[in-house]
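Structure record follows, encoded as structure tokens.
The values are calculated or read from the model by the stated rules, or taken from the named source; none is laboratory data. These figures come from a predicted structure and were not determined experimentally. Neighbour counts are summed over all protein chains in view; Cβ atoms, including those assigned to glycine, are modelled from backbone coordinates with ideal geometry. For the accessible areas, the whole protein counts, side chains as well, though only heavy atoms, and no ligand, DNA or RNA atoms are used. Shrake-Rupley method; radii C 1.70, N 1.55, O 1.52, S 1.80 Å.
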Amino acid sequence: MQEPFDITIGTTDYAIFPEGNDIYVVYKDGKEYVQIQKDTEEQWLKLDDETALPLFEYNEEINAIGKAIMAYVPDEEDEESDEDDDLLD
């Protein structure tokens, strides 16, 4: 499973925690902000806070976060430290 990572959109920093099945928990300003799910390459869905069901309404910020998630490439240092961890196991 993918490790948590940070993205920046404009001047806003987000912490991204992958949950699996194209679902991500997004933290903004140190607080849980939203859960999102990939629908298509261009469309991301916000999940309802109560039911965790996808909300099928267009949200520009959610799509921007999703596109940044798809564009994220882990730092080589992060990958190397993961490989080192595997050697220790």
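The sole residue among 27, 33, 14 that is over 10 Å from the mean Cα position of the chain (by Cα) and of a type in the set (Phe, Trp, Tyr) is 33. Taking the criterion of being free of Cβ contacts under 8 Å to residues at least 24 places away in the same chain and open to solvent by less than 100 Å² (accessible area, probe 1.4 Å), the residues of the stretch 45-57 that qualify are 45, 46, 48, 51, 52, 54, 55.
Taking residues in the stretch 1-26 that are surrounded by fewer than 16 Cβ atoms within 10 Å (Cβ to Cβ), and partners anywhere that are part of a loop (DSSP other than H, G, I, E, B) and of a type in the set (A, V, I, L, M, F, W, C), the pairs with Cβ atoms closer than 8 Å and at least 6 places apart or on different chains are 18/1; 20/1.
Listed by position, the strands (runs of 3 or more DSSP E) enclosed by the stretch 14-63 that each have at least 2 residues that are within 15 Å of residue 2 (Cβ to Cβ) are 23-28, 31-38.
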